[in-house]
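Only the coordinates and a few stated rules stand behind these numbers; no lab work does. The shown structure was predicted, so the numbers you read here are calculated from the model rather than taken from an experiment. Counting neighbours? That spans all protein chains shown, and the Cβs are built from the backbone with ideal geometry, glycine included.
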Amino acid sequence: MQCAGYRVAATEPAALILLALLLLAGCPGPAHLPPTPGDGGTNGAGKPGDRPRDIPCDTVGCSPEKPSASGGTTSPESISGPAPAVEFRAAWVARWDYRRAEDVRRIIGELARAGFNAVYFQVRGTADAYYRSRVAPWAAPLSGKLGRDPGWDPLQVAIDTAAAEGVELHAWVNACTAWKGSKPPGRSQPRHLLRSHPDWLVRGPDGKPRRGPGGYLFFNPALPGFQKHLEAVVAELVSFYHLDGVHLDYIRYPAADTSHDRLSARLFRRARRQQADLTLAAWQRRELGRLVARLTEIVHRARPRAEVSAAVFGIWQNRWGWKNVTAGFHDFHQDSLDWADHGAIDTLVPMLYWPCSRPPGGRADFLTLARHFAARRGRARLVAGLNVASGKAAELYRQVEISRRLGFDGVALFSYGLLREHGLLDKLPRRVFARPALARPPAPAGTEVSLEIGRERAARMAKWTCSWWR
């Protein structure tokens, strides 16, 4: 398992301490779910060649001031520093970026030459699979039909190519998105989850399925059946593929006033009997955090060195009084800072998709938001998620330098397609990626982490997990 950039093998005492604490407190540990057949449908990504325009997880604002040592404010231009020798440099490779094995090899090769040392490679879009799975059906864009074997395995090709190029490969998973488009999934083997469980969809106050940004339908992450399905997806990935990490995206609700379904109502009433002042939103945030923690444990149990990261909304709460902004905590029931504080996730990737405002501190200002997340250093690894399309190349370079100065462990750029479209793949090595860097520190010889750090994380996570069951 990993805490704040450090890792402990699952067989080491820290992991055993976690399990012991859970058992002593009377709490069931996270279930290890073997891969089981899923459910099928048509492809949420659309027809082959149809490229969705939504950004990889979510989208919104950027901008507050940074006090300087003299008491004034520091402009984004004054924040700079040398590239560190250890810096996580990732690019998101979306499922619409590739269709053939040659595409995958070319993309990862180009990213390696551009100075990247990690790739978030999308393998799940709308409860389908861009890899060989017994849980979810093959994605339709690969062959033209949901569930049809395309004759090659994109994830395995990506893993092999990344190993040859010397970069890390993290499987990017859309966690809660169920489907996209007006037509429901067709027949497939395995069966698409939406065909088996339309009752698991997030619903609005009118009782109808609620779509979120990008037109996605969402599964309700508070429902035990969907939780077990997602756990099986992640368990299958880390059991059968040699991954450096699992990257969770869309790990949230689509909107604030959801989900109004019968099963959620029954589960919430049961929770209220244990905690009378519990609100629906607080319960949803709690259940989502609990799911994230279980997914992290499943990954670490199979691959102790693998990293679990999550692309989270760039505005946690609107603490600056900005108008017309969306906040992850209130609008998506995504309490990402709590995940970091309680060891439920290894790495937070806040999507800081807005430019620096002038003067600093304006609506959705990149600098303000970056500083807010940087305060969580030491609780989890922090990787700044940057949108290549948020401004000109100079804005991207400035944001990379700001992230370094504020102590982020690295950056992730959305996306490969935009980098190529903006002609930046050849420019990055001459600018912000001029100095080579390791994605993370090498493991010390003989052991992977300080036991004190492992014990501290185990205690935090056990205490938090057990509080859910009281």
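Rounded to the nearest 20 debye, the dipole size of the stretch 31-439 about its Cα centre is 680 debye, using +1 on the Cβ of Lys and Arg and -1 on the Cβ of Asp and Glu. The modelled label-to-label distance for the pair D199/A276, using points 7 Å beyond Cα in the direction of Cβ, is 3.2 nm.
Once you sort the root eigenvalues of the Cα gyration tensor of the stretch 31-439 as a ≥ b ≥ c, which label holds: rounded (a/c under 1.5), prolate (a/b larger than b/c) or oblate (the other case)?
oblate
Our estimate of slack between K183 and L438, defined as 0.36 nm per intervening residue step minus the Cα-Cα distance, is 87.3 nm.
In the stretch 117-148, which chymotrypsin sites (Phe, Trp or Tyr not before Pro) fall in coil by DSSP and have 12 or fewer other Cβ atoms within 10 Å?
Working: sites: Y120, F121, Y130, Y131, W138; in loops: Y130, Y131.
Hits after loop and neighbour filter: nothing returned.
In sequence order, the stretch 324-340 has phi-based couplings of 6, 10, 9, 10, x, 4, 8, 8, 10, 6, 10, 9, 5, 5, 5, 4, 5 Hz under the Karplus curve 6.51 cos²θ - 1.76 cosθ + 1.60, θ = phi - 60°, and Gly or Pro positions carry x. Amide H contacts of W179 (H built 1.01 Å from N, in plane; Pro and chain starts excluded): L217 sit under 5 Å, all sequence-distant by 5 or more or on other chains.
In which sequence would H242, H229 go, from the one with the fewest C-beta neighbours within 10 Å to the one with the most?
The most exposed by this proxy come first: H242, H229.
Computed 3J(HN,Hα) for the stretch 380-395, one whole-Hz value per residue from the Karplus formula 6.51 cos²θ - 1.76 cosθ + 1.60 where θ = phi - 60°, is 7, 5, 10, 10, 7, x, 10, 9, 4, 8, 6, x, 6, 4, 4, 5, glycine and proline marked x.
Within the stretch 279-336, the trypsin sites (Lys or Arg not before Pro) that combine a DSSP coil assignment with at most 14 other C-beta atoms in a 10 angstrom radius are R319, K323.
Sequence-ordered 3J(HN,Hα) estimates for the stretch 258-267 from the Karplus curve with 6.51, -1.76 and 1.60 and θ = phi - 60° stand at 8, 10, 9, 10, 5, 5, 4, 4, 5, 5 Hz, glycine and proline given as x.
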